[in-house]
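Data first, discussion second: the structure below is written as structure tokens.
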Amino acid sequence: MSATDTALQVIEWAMMSQEARGTPPQGDLSGVEKLARPSATLVQALEQLTAVTAARLRWEMPPLGDNRPIAVGNLIIAAALGTAHPQLARTLLKGVPTLSCSGDWVVRYGLVTPALSFLTEEMADDYRQISPLTAILNRPIAGQETLGVNLALQLLKNSTAKLSLTLHLAQPTTDIKVRCWRTELLNRLRLGGQTEQSFVLDVYEAAMIYHQQEVMNQVRAAYSTISDRQAASDEENLRDALSIANWWKPLWAIERADVNQLRQRRYLSYAYREGIKLFNLSQKMLGDVEHVY
């Protein structure tokens, strides 16, 4: 097996459904220099991955209306994901070219994101650094949050990408770090102009339209933890509960500044008040802790 074979297998793996994927395939990287002049089969697979990923994101083709060709240098990422040697993968990633088109955003997201759960935290951050969409839709590495916000602002300029981002951020997550990033992103966007504030409300409204039961289940579980001294003594459970409560902070802030903005959202429903109630409870709890110490 060569680097070409490994890259092709990883691309084919990335195109599988989440249920069918399993762990990423692994192979050797002999003849890695041939990735600079890939076969027609490999180029076609890369283009197909871009189309599949764009469809999953609900993006139109070409991505963001950008017709420029996808860089074959993205094949290095596929090959790196297919090696079992972290140091070798790191060496390969140094050769990944800078982003040249919107298609690069999409294909890198398609390769990197499904692999994150199989990588060490350190390696996952290496891949997040070279995949802007992963940094936005999953989370950026520490210290690059502002870059993530700026990239999100770029997506808001495109109606299709904006809708995709809305639906993605509205979907509940069990990952505390991802949830905290989404909270920060929404909170910083709500400090922008009317367009950004409207987008933030779109996210909460979409959450209540498509995921209300799951959202409310998380709220009730977090409320039970925060309001129960014994449950709150479990540090991990408390962190999770507080991150759920804090997710409602941007909506709480908008409501406090102008409640009419929320009243105009007919699909937000009054259930959102439970989220606001949870946030207020978390702030009271944190205030009590600070008072004690």
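The values are calculated or read from the model by the stated rules, or taken from the named source; none is laboratory data. Small disclaimer: the values here were computed from a predicted structure and weren't measured. For neighbour counting, all protein chains shown are included, and Cβ atoms are generated from backbone atoms with ideal geometry for every residue, glycine included. Each accessible area value is taken on the protein alone, full model and side chains, heavy atoms only, with ligands, DNA and RNA left out. Shrake-Rupley method; radii C 1.70, N 1.55, O 1.52, S 1.80 Å.
A few notes on this one:
- Taken about its Cα centre, the range 1-76 carries a charge dipole of roughly 120 debye when the Cβ of each Lys and Arg holds +1 and the Cβ of each Asp and Glu holds -1.
- Calculated accessible area for the range 7-112 comes out at 49 Å² per residue, all protein chains present (probe 1.4 Å; ligands, DNA, RNA ignored).
- Prolate/oblate/rounded call for the range 130-205, Cα gyration tensor, a/c under 1.5 rounded: rounded
- Counting Lys and Arg as +1 and Asp and Glu as -1 over every other residue whose Cβ lies under 11 Å from the Cβ of Arg139, the net charge comes to 0.
- Take 135-147, 87-99 and order them by the average number of nearby Cβ atoms within 10 Å per residue, most first; the result is 135-147, 87-99.
- Cβ-derived FRET efficiency at R0 22 Å, Ala142 paired with Leu99, nearest 0.05: 0.55
- Overall, the ratio between the Cα radius of gyration of the chain and 2.2 N^0.38 Å, rounded to two decimals, is 1.11.
- Within the straight-line cut-off of under 28 Å between alpha carbons, the lysines reachable from Lys34 are Lys94, sequence neighbours fewer than 8 places apart in one chain being disregarded.
- Rounded Å value of the spacing that divides the Cα centres of the range 79-137 and the range 243-268: 35 Å
- Residue-averaged [θ]222 nm for the chain, counting only DSSP H segments that reach four residues, each worth -39500 (n - 2.57): -20500 deg cm²/dmol
- Size of the range 161-219 from its Cα atoms: along the principal axes, largest to smallest, the extents are 32, 24, 20 Å.
- Of Ser17, Ser243, Ser269, the residue with the greatest mean-square motion in the GNM of the chain, using alpha carbon springs below 10 Å, is Ser17.
- Cα gyration tensor, the range 40-170 - rounded (a/c under 1.5), prolate or oblate: oblate
- Its Cα centre serving as origin, the chain has a Cβ charge dipole (Lys and Arg +1, Asp and Glu -1) of approximately 760 debye.
- For Lys284, the lysines whose Cα falls under 20 Å of its own Cα, not counting residues fewer than eight places away in the same chain, are Lys249.
- Shape category assigned to the range 203-293 from the gyration tensor of Cα positions, a/c cut at 1.5: oblate
- Helix axis angle, 102-112 relative to the chain longest principal axis, alpha carbon, degrees: 80 degrees
- Using a Förster distance of 51 Å, the FRET efficiency for Val259-Thr23 (Cβ separation, nearest 0.05): 0.55
- For the chain, with all protein chains in place and a probe radius of 1.4 Å, 49% of the accessible heavy-atom surface sits on carbon or sulfur.
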